[in-house]
1. Being surrounded by fewer than 19 Cβ atoms within 10 Å (Cβ to Cβ) and assigned to a loop (DSSP other than H, G, I, E, B) is the filter here, so list the residues in the range 45-64 that pass it.
2. Suppose the filter is surrounded by fewer than 13 Cβ atoms within 10 Å (Cβ to Cβ), modelled with pLDDT of 50 or more and either closer than 16 Å to Val117 by Cα or not small (Gly, Ala, Ser) (or both); does Leu73 pass it?
3. Of all residues in the range 113-133 being at pLDDT 95 or above and assigned to a loop (DSSP other than H, G, I, E, B), which is nearest to Asp86 (Cα to Cα)?
4. Gly67: surrounded by fewer than 17 Cβ atoms within 10 Å (Cβ to Cβ), of a type in the set (Gly, Ala, Ser), within 15 Å of the chain's Cα centre (by Cα) and modelled with pLDDT of 70 or more, yes or no?
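The values are calculated or read from the model by the stated rules, or taken from the named source; none is laboratory data. Keep in mind that what you see is a predicted model, and the values were worked out from it rather than measured. Cβ sites come from the backbone with ideal geometry, for glycine too, and all protein chains shown count toward neighbours.
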Amino acid sequence: MASTTSTNTNTTPNTTGTASKTTSAGTFTLLLFASASTFAGGVETLRLPGPTTLRGVFEALEARFPGMRDAVLRSAAVTVNLEYVDVDPDIDASAGQKRDGDVGGDATDKGDGLDMVINAGDEVGIIPPVSSG
């Protein structure tokens, strides 16, 4: 009898709160912190297929969690392999292009900003602003 268990774990959330040291072949780790995790229903870690771009990551998050772009991503900091990346998430999602007047990276080398290439094995963090009083 054939098993009905799927072996594809590329988009299976890991909600343990910690990233595993190992990743599935062809995937990268996406960490959602604070309100990003809350908006995603408590999901803290996702494994997504790579390579892609940060723009592709933002589009995948918006598709999976509608409204996340406006509620979280527009104001969040982004890290790739523990380095902060300067991104401007204010893009036209339907066209996949920046709106007039937006600034961001150019598409040289690995890419900058939303055009930065995310490869298998990379770690991307979405870090919303935190306030205290």
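1. Correct list: Pro51 only.
2. no
3. Met116
4. The answer is yes for Gly67.
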